[in-house]
Amino acid sequence: MAYAKICRTRDAQAAAWLRKAAEQGEALAQLELGFMYANGRGVPQDDAQALAWYRKAADKGIALAQLELGDMYDNGQGVPQDYAQALAWYRKAAEQGEAQAQSNLGRMYDQGLGVPQDYAQAVAWYRKAADQGHPSSTSPGCDFGLKSCHDKALGSFSR
């Protein structure tokens with residue numbers, strides 16, 4: 001019980017310092033404050049605040065913030081589900097080499113979420129993620145990924 005209280009106190013102190021830096025425009029502090037609001041660490045859980053801080057960092061080109069925004073739109077977390085917005089944010093992060101965003105783009109093309117289904121595009125994005133060792137793009141038994149999509153693409157070309 002005492003340990004949990006210490007952790008909450010440290011998280012609250014971290015959030016206070018991060019807020020000071022974030023309000024001065026420090027992009028990584030904005031990203032971290034977004035994480036804290038998304039997860040209720042040191043601050044009350046608040047998707048609207050998470051979205052606002054992620055957007056500030058994302059607008060400064062922070063790929064992980066762009067990924068987080070994509071996830072929020074993809075899952076309808078704190079915003080109406082919007083695959084087109086998710087796709088746009090994932091693409092920004094993916095083009096900077098963010099492997100999770102590349103895998104997410106592959107899934108969106110694979111499943112036709114926010115874009116017409118396009119197995120060739122899906123394979124290309126899954127491959128980029130796989131080349132970085134991203135597990136969901138290469139793991140056997142996944143319901144999506146490079147092998148599954150590659151097999152579908154080959155099947156669609158042979159018809």
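The values are calculated or read from the model by the stated rules, or taken from the named source; none is laboratory data. Please read these numbers as outputs of a predicted model, since none were measured by experiment. Glycine also receives a Cβ, built like all others from the backbone with ideal geometry; neighbour counts cover every protein chain displayed.
Based on what the data block shows, is Arg41 in a helix (DSSP H, G or I), of a type outside the set (A, V, I, L, M) and surrounded by fewer than 24 Cβ atoms within 10 Å (Cβ to Cβ)? Spelling it out, it is not the case that Arg41 is in a helix (DSSP H, G or I), of a type outside the set (A, V, I, L, M) and surrounded by fewer than 24 Cβ atoms within 10 Å (Cβ to Cβ). Being crowded, with 20+ Cβ neighbours inside 10 Å and of a type outside the set (S, T, N, Q) is the filter here; which residues of region 65-83 pass it? Ala65, Leu67, Glu68, Leu69, Gly70, Met72, Tyr73, Asp74, listed by residue number. There is no residue in region 101-110 that is touching a helix residue (DSSP H, G or I) at 6+ places or on another chain (Cβ under 8 Å) and on the phi > 0 side of the Ramachandran plot. Of all residues in region 75-96, none satisfies being farther than 18 Å from Ala124 by Cβ, in contact with a Lys or Arg (Cβ under 7 Å, 6 or more places away or on another chain) and at pLDDT 95 or above. Among the residues of region 1-38, those identified as among the aliphatic types (A, V, I, L, M) and either at pLDDT 95 or above or surrounded by 15 or more Cβ atoms within 10 Å (Cβ to Cβ) (or both) are Ala14, Ala15, Leu18, Ala21, Ala22, Ala27, Leu28, Ala29, Leu31, Leu33, Met36, Ala38. Answer yes or no as to whether Gly106 is buried (at least 22 other Cβ atoms within 10 Å of the Cβ) and touching a residue at least 12 places away in the same chain (Cβ under 8 Å). Yes. Looking at region 46-104, the helices (runs of 4 or more DSSP H) lying wholly inside it that each contain 3 or more residues that are within 14 Å of Leu31 (Cα to Cα) and either out of contact with any Pro (no Cβ under 6 Å at 6 or more places or on another chain) or of a type in the set (Phe, Trp, Tyr) (or both) sit at 47-59, 63-75.
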